[in-house]
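To keep things clear, I will list the structure first and then write my remarks on it.
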Amino acid sequence: MSGAGIGRRFFLKVLGATGVAAGCSPTHAPEKLIPLLVPPQDMVPGKPLFYRTVCRECSAGCGVTARSREGRIVKLEGNPEEPTSGGALCARGQAALQELYAPDRFRGPLLRNAEGRLSPVSWEIALGKLTEAVRGASPDGVRLRTRSEPGTAGAIQRVFLAALGVPPDHREVVPGRDEKSLRAASTLLYGRSELPRYDLSLARSVAAFGADFAETWLSPVELGRGFASGRGLPESQRTTLAWVGPRLGTTGAVADRWIACRPGGEEDVALLLLRWIVDPANHVEGLDPQAAPVRTALAGFDPRAAARRAGIPLEQVAQLGSDLTSRRPSAILGSHTPELAALLLLANHLLGNVGRTVSFGQDSLLESYAQPAPGKAQVLLLHHADPSEGDAGVPLVVSFSSRPDAASDRSHLVLPDHHWLESFGDLEVRKGVLAVAQPTMAPLYETRSASDVLLQIGKSLGLKGLPPGDAQSISRKRVSARAAELGAMRPDGEHGLFMRGVASAPAAPEARPLVGSSVPALLSAIPAAPREPALFAFPTALAAADPRAPSWLREVPDAISGICWSSWVELSPRDAAAIGARDGDLLAVGNAQLPLSVYAGLRDGVVAVPANAPELPGLRGKALSLRRISPGRLPRIPGAQDDAGRDLLPTAAAVAAREEHHHGHEHGLDKGIGHEHPPEEHPYGMRPPPSHPVHRWAMAIDLDRCTGCQACVVACYAENNIPVNGAEAAAQGRNQAWLRIQRSIEAAGTDVKVAFLPSLCQQCDRAPCEPVCPVYATYHTSEGLNAMVYNRCIGTRYCSNNCPYDARVFNWQDPVFPSPLDLQLNPDVTVRSKGVMEKCTFCVQRIRGAENEAKSERRNLIDGEVVPACAQTCAARAITFGDLEDSAARINRVRQDPRGYRLLEELATGPAVTYLARGGKS
Amino acid sequence: MSTVSAQLALIEERVHAAQGKGGRLYWVLLACAIGATGIGAYSWSRIIRFGMGETGLNRPVAWGVLITDFVFWVGIAHSGTLISAILFLFRARFRTAVYRVAEAMTVFAVATAGLFPIIHLGRPWFGYWILPYPNERSLWINFRSPLVWDAFAISTYLVVSSLFLLSGLVPDAAALRDATSGWRRRLYAMVSLGWRGTDEEWRHHSRAYLFFAAFATPLVISVHSVVSWDFAVSVVPGWHSTLFPPYFVAGAILSGVAMVLTLLVPLRRALGIEELVTRRHLDLLSRLVLLTSLIVTFSYGMEFVLALWRGPRVELETLLFRAFGSYAPLFWTMVFCNCAAPLLLFFPRIRNTPIALFFLGIVVNVGMWLERFNIVVTSLSHNRIPFDWGTYRPSLVELGITLGSFGWFFTWFLVFLKLLPAVSIAELKEEVGHPHEGVDATEVAHAA
């Protein structure tokens, strides 16, 4: 018996050996899978854990709540306890996850080999190489260029360089463009290089001189939120926005007034505005005493010449001036050049905005932006900063990039830093607001924190004066000490600090006396006349044009142009016609080839290119010749430019008029769209309306607040495992976004109106998609959701045809999530396969999660407990979500807003999404 | 009587001759048809392997050429039953010579059409879920969905039209059984169901045939009405119209009769049955084409009238887009093919020129295919939300499947021609036996 096959003893032997082998996993276990915030026993599979940290995608430093599932971060959200983000996050912050899980991340150190290619080496070799180079270099030859690091990382850099004996000016901090000009402006006016803080929530009128504060400017989440808090209000209380600049970007699109000056004409407009403010004829009250010298200095100013240079009619300045002076406090933003920033700061000062909407004494001032010392470097360390032209001959360029970027392209040695979601740190975003960063998951690869690398090299060189411990312990010590110093340490100690992710004791605004001496010089300098055609680089919140950006930022189209996965050039309709080019054609612009997007919201004579286009550097400072090459294929989401007169985006006034018209008439179906109301007695035809015994989930979207920033769209991609399909699919109409920002561009001469319409499944009471499905793959739930059963779907696509809102998307092929991007997939949401239909679910996984939690705690759901990903990340708080069956819920109040209307109401589908019409003049 | 027996002999001879070994042309055609089917099968396999992305479909146009093909083939399937059953009930004698071809065409066209609802599914391997069958998960189908009605309509039509064809074949198969040997004999024995030609059998047969004719007739109307509901029940402007059922039925008959003409003209030549299928038959069929073409023209006009008269604005905008938008060339080609070209049939000379009828049949069918394409695609292309407007262009895979559907249809049809009698021997003989009852038999005699 035992002669053939497996005997009992042999079986037991194999069993034992396998058990032992399984126990001794050959790969070493990650050091700390779950950091100190929550004890490991709290990690229950299937239950998310949350970690607080700080976003480092731009210099704003928004607080982040990272949701972890089984040791992997699957979603980022803002930190509601932290004043910068206020719980929201921008598109870029949402997409930071894709930087973490980027397939092209460096797995370990790289050394450029003889063929000029980067090849992997061990940390020992890499650090040895750097140590040798530093040892061999004179102290004068070591340089470090870094992004702004107002925290432990910066301190360690400084200490390291000091210990090496390197002079402090060998550490060059690269400030953001906006920051640099603003600091220069405050130096000019107040004698201190200080960054002012803008609080738009206090402003009743705002003028933005090319400052796209809802997209990229300074701190877009904070500014966008502040601005939106004054929107969606009755006309008298509503914050108005004037946009000064040659192109209407998404921030400009929500403006009530557009002053389309030439690129570079902003300074002239600012001078004209100042002159208007101080002009006694305009009777501006409550002006700062400094108005008198300004008036004197502007005595010889020729407004007509300035208006000509800027290319605007003079009346527009008067309108702008009366907006800003009659609705105070106001805020005037802009920073293209230090001069512009100074002029606008002066205007703010005169109007008494400084100390209210514009405040000083808030800058943490931990970084100095001193001019770097001249001379050649022998070793150049690039800490998340780009190389410059002058670095050409440096023998050893070292970058700490974690992905291929401009720095790693030029480096000889790459020592990949942890992603910020994997590292400790701290950031004093402004005086008294200390954001605390902690690793949210174990490092994916053999990366090392740049601070640790510096400390280790210091140790190998035997440097004196370095702090003991590693970057983690130094950072933790510093954080606790600084929090205690701020008086923001609570009884729960360091643990509580990391739980909240922030220690906040905001400093009070300080008064700054204006140093008048520089004003006359500033005002008398006549700006140079702009040339035409002028190149204009416009910033975008997304990164369609940037080949190295995370795929979500490339897949989600630019809100205005609808373009994704490509850079492009914009021309006004007149200029395009002048060279005989049509939308989508391929143009030769200088020595670059770019597809053309014709945009009515662009001033004539301007050639606009996205600021992150790789072609842009080649275009600067050259004559711009434009020539049509051929018809091209512009990867653009198909669709009409406007609503074709179907009145999908009425203004608040139009909605009110429509209501009145409706009440004045007998009910019944009128002819024409938008004026049709379902017969009141039987809004649902023959059948009774569906009953919702417990909940009826509904949403309201305030179009007056929406800035078109698309953070919600990226959040939806992250939350719902939406596949990224690429350029060709997008151009073919196969972009799979569940939530899209539709935009309407209506142009009548120079009067251009751009409006946004976030469009998603309307979760209708009587959804047309439901009856046509032959297999009940989609049906109306008792909670009012239009549910989609992926398993049951056979892919007839009839539901998609029959959805009047085009809310449904089909899986044209199997989704691809290149490894390790698949680690980001939300385990609560099914990954759909080819051949099934899908659409917005109102984040049903979140609804179920909250319901289950409430049930296990034996209580009812609380209003606001369920927040879909889009509403959660909206800085403008434009999206309200809640339960209509809960009479106290906020959604019920919001839906009563007289601005409320529903899309295609005449079809009697009973959509659960109410739109609140945008205000302003119709 | 000798003339009668001579005529009977002639009928037998002609039909037998048609059954013989095919010529070179036959085998070339069959090879082409099978090759085309192969291309279609390969194209579909790409969809199964890589997903619906192989088509040109998108948001908003989620239906395209495949649904066009479906409606087209259902339309083709209609005339068979119409010619056979309805004309049988009306005792229109001229049907005798053509009805077998028409019936066979119906069965094969339904068999082709029936493939498309499966082919166009995102997950065709679950196509059977559209049928109600008991299962352990107690899942049921949605009877409110027109696609379920479709499944019932098409399967019913396939069963009834097959039975109708087979029941008409019984006496003929028996006649052939007695005149052949080998596997053919066994095949005919099976189809003839043991027919011996007794009086009682004849009585039952004619009763049964009458029953099937009566049963199939309402199906002609209902099946295509149901197919039109796929569109009419929706809320898509350009689809949502009460006009659709009669409009679709008329269109189906137009395309079906045109297809019969296209098939018959070469067939009567190739099989040498010009004496059996005469010019008079063709003339009568072409009158039917003319009539249905006029109905279809009227329907096109009515769509605009209804939209102008009371319809919502989107309805009119969709129609204007159809006529003047991106797909305008297709629209005007359709108008030419379906409305203008058939007007030629007012001239008796055209009706009496088989070759003209052959080409006119093709023209009409191109037009009818375009009609379905226009309805399906243009309406979706400009749906209610302009921000989502988009265009659709069929991919090679879809065109491959369309070609494959023709291959599939003609493969069956060509095999049928050699296996089963293409004209009804029994009924033609009956005509000869009762010359006073109709004119057709006399014509046969004259031709002989």
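Among the listed residues A:R620, A:R582, A:R636, which satisfies the condition of being over 19 Å from the mean Cα position of the chain (by Cα) and closer than 26 Å to A:G93 by Cα?
After ruling out the rest, the residue left standing is A:R636.
What about A:R403, is it under 25 Å from A:R177 (Cβ atoms) and in a loop (DSSP other than H, G, I, E, B)?
Considered against the rule, which asks whether it is under 25 Å from A:R177 (Cβ atoms) and in a loop (DSSP other than H, G, I, E, B), A:R403 comes out as yes.
With free of Cβ contacts under 8 Å to residues at least 40 places away in the same chain and buried (at least 17 other Cβ atoms within 10 Å of the Cβ) as the only criterion, which of A:A307, A:A291, A:A341 stands out?
Among A:A307, A:A291, A:A341, only A:A307 is free of Cβ contacts under 8 Å to residues at least 40 places away in the same chain and buried (at least 17 other Cβ atoms within 10 Å of the Cβ).
Which condition does A:Y915 not pass, out of (1) out of contact with any Cys (no Cβ under 8 Å at 6 or more places or on another chain); (2) more than 14 Å from every other protein chain (Cβ to nearest Cβ), if it passes all the others?
Among (1) out of contact with any Cys (no Cβ under 8 Å at 6 or more places or on another chain); (2) more than 14 Å from every other protein chain (Cβ to nearest Cβ), A:Y915 violates only (2).
Please name all residue pairs, on different chains or six or more residues apart, with Cβ atoms under 9 Å, provided the first residue is in segment A:148-168 and is assigned to a helix (DSSP H, G or I) and the second residue is among the aromatic types (F, W, Y).
From residues that are assigned to a helix (DSSP H, G or I), the pairs are A:T152/A:F424.
Going through A:L648, A:L669 one at a time, which residue ends up being at pLDDT 90 or above, closer than 21 Å to A:P768 by Cα and assigned to a loop (DSSP other than H, G, I, E, B)?
A:L648
Have a look at B:P394, B:P386 and point out the one that is without any contact (Cβ under 8 Å) to a residue 40 or more places away in the chain and within 14 Å of chain A (Cβ to nearest Cβ).
That would be B:P386, the only listed residue that is without any contact (Cβ under 8 Å) to a residue 40 or more places away in the chain and within 14 Å of chain A (Cβ to nearest Cβ).
Going by what's in this entry, would B:R144 be described as closer than 22 Å to B:H224 by Cα and not in a helix (DSSP H, G or I)?
When the stated conditions are applied, B:R144 passes them.
Tell me which of these B:L243 doesn't satisfy, since it passes every other one: (1) over 23 Å from B:R287 (Cα atoms); (2) buried (at least 20 other Cβ atoms within 10 Å of the Cβ).
Failing condition for B:L243: (2).
Going by the structure shown, is A:H692 in contact with a Pro (Cβ under 7 Å, 6 or more places away or on another chain), of a type outside the set (V, I, T), surrounded by fewer than 20 Cβ atoms within 10 Å (Cβ to Cβ) and away from chain B (no Cβ under 11 Å)?
So A:H692 does not fit the description; no.
Would you pick out the residues in segment B:136-180 that are away from every other protein chain (no Cβ under 14 Å) and under 23 Å from B:V233 (Cβ atoms)?
Within segment B:136-180, B:T156, B:Y157, B:L158 meet the criteria.
A:S833 passes all but one of (1) crowded, with 20+ Cβ neighbours inside 10 Å; (2) within 14 Å of chain B (Cβ to nearest Cβ); which number fails?
Condition not satisfied by A:S833: (1).
Residue check, B:Y133 against (1) out of contact with any Phe, Trp or Tyr (no Cβ under 7 Å at 6 or more places or on another chain); (2) at the interface with chain A (Cβ under 10 Å from one of its Cβ atoms); (3) outside any helix (DSSP H, G or I), all met but one. Which one?
Of everything listed in (1) out of contact with any Phe, Trp or Tyr (no Cβ under 7 Å at 6 or more places or on another chain); (2) at the interface with chain A (Cβ under 10 Å from one of its Cβ atoms); (3) outside any helix (DSSP H, G or I), B:Y133 misses just condition (2).
From the list A:V74, A:V54, A:V64, exactly one residue is under 15 Å from the mean Cα position of the chain (by Cα), over 14 Å from A:T873 (Cβ atoms) and among the β-branched types (V, I, T). Which is it?
A:V54
Quick one: would you say A:S630 is free of Cβ contacts under 8 Å to residues at least 60 places away in the same chain, away from chain B (no Cβ under 14 Å), crowded, with 16+ Cβ neighbours inside 10 Å and in a strand (DSSP E or B)?
no
Return a yes/no flag: does segment A:714-730 have any residue that is away from chain B (no Cβ under 14 Å) and either among the aromatic types (F, W, Y) or part of a strand (DSSP E or B) (or both).
yes
Please go through segment B:63-115 and pick out each residue that is within 14 Å of chain A (Cβ to nearest Cβ) and aromatic (F, W, Y).
B:W63, B:F70
Test each condition in (1) assigned to a helix (DSSP H, G or I); (2) surrounded by fewer than 15 Cβ atoms within 10 Å (Cβ to Cβ) for B:E103 and report the one that comes out false.
That leaves (2) as the condition not met.
On the given criteria, is B:W44 within 14 Å of chain A (Cβ to nearest Cβ) and closer than 18 Å to B:W412 by Cβ?
yes
Looking at the structure I just gave you, is B:P124 closer than 20 Å to A:N801 by Cβ and either small (G, A, S) or within 14 Å of chain A (Cβ to nearest Cβ) (or both)?
For B:P124, the condition - closer than 20 Å to A:N801 by Cβ and either small (G, A, S) or within 14 Å of chain A (Cβ to nearest Cβ) (or both) - is met.
Test A:P868 against the criterion of being more than 14 Å from every other protein chain (Cβ to nearest Cβ), under 27 Å from the mean Cα position of the chain (by Cα) and surrounded by fewer than 17 Cβ atoms within 10 Å (Cβ to Cβ), and give yes or no.
Spelling it out, it is not the case that A:P868 is more than 14 Å from every other protein chain (Cβ to nearest Cβ), under 27 Å from the mean Cα position of the chain (by Cα) and surrounded by fewer than 17 Cβ atoms within 10 Å (Cβ to Cβ).
So that you can scan it fast, the table gives a plain yes or no per residue for (1) in a helix (DSSP H, G or I); (2) crowded, with 19+ Cβ neighbours inside 10 Å; (3) among the hydrophobic types (A, V, I, L, M, F, W, C):
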{"position": "B:W129", "(1), (2), (3)": "yes, yes, yes"}
{"position": "B:S161", "(1), (2), (3)": "yes, yes, no"}
{"position": "B:L169", "(1), (2), (3)": "yes, yes, yes"}
{"position": "B:R177", "(1), (2), (3)": "yes, yes, no"}
{"position": "B:S206", "(1), (2), (3)": "yes, no, no"}
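Select the strands (runs of 3 or more DSSP E) contained entirely in segment A:410-524, then report the ones holding at least 3 residues which are in contact (Cβ under 8 Å) with a residue 12 or more places away in the chain and either among the charged types (D, E, K, R) or crowded, with 22+ Cβ neighbours inside 10 Å (or both).
Of the strands (runs of 3 or more DSSP E) lying wholly inside segment A:410-524, those with at least 3 residues that are in contact (Cβ under 8 Å) with a residue 12 or more places away in the chain and either among the charged types (D, E, K, R) or crowded, with 22+ Cβ neighbours inside 10 Å (or both) span A:425-430, A:433-437.
Would you be able to tell me the number of residues in segment A:909-922 that are buried (at least 18 other Cβ atoms within 10 Å of the Cβ) and part of a loop (DSSP other than H, G, I, E, B)?
Counting residues in segment A:909-922 that are buried (at least 18 other Cβ atoms within 10 Å of the Cβ) and part of a loop (DSSP other than H, G, I, E, B) gives 7.
Has segment A:356-372 got any residue that is buried (at least 16 other Cβ atoms within 10 Å of the Cβ) and part of a helix (DSSP H, G or I)?
No, because not a single residue in segment A:356-372 is buried (at least 16 other Cβ atoms within 10 Å of the Cβ) and part of a helix (DSSP H, G or I).
Please go through segment A:329-350 and pick out each residue that is polar (S, T, N, Q) and more than 25 Å from the chain's Cα centre (by Cα).
The one that is polar (S, T, N, Q) and more than 25 Å from the chain's Cα centre (by Cα): A:N348.
The values are calculated or read from the model by the stated rules, or taken from the named source; none is laboratory data. Predicted model only: the values in this text are computed from it and were never measured. Because the Cβ atoms are built from the backbone with ideal geometry, glycine has one as well, and the counts that use them run over all protein chains shown.
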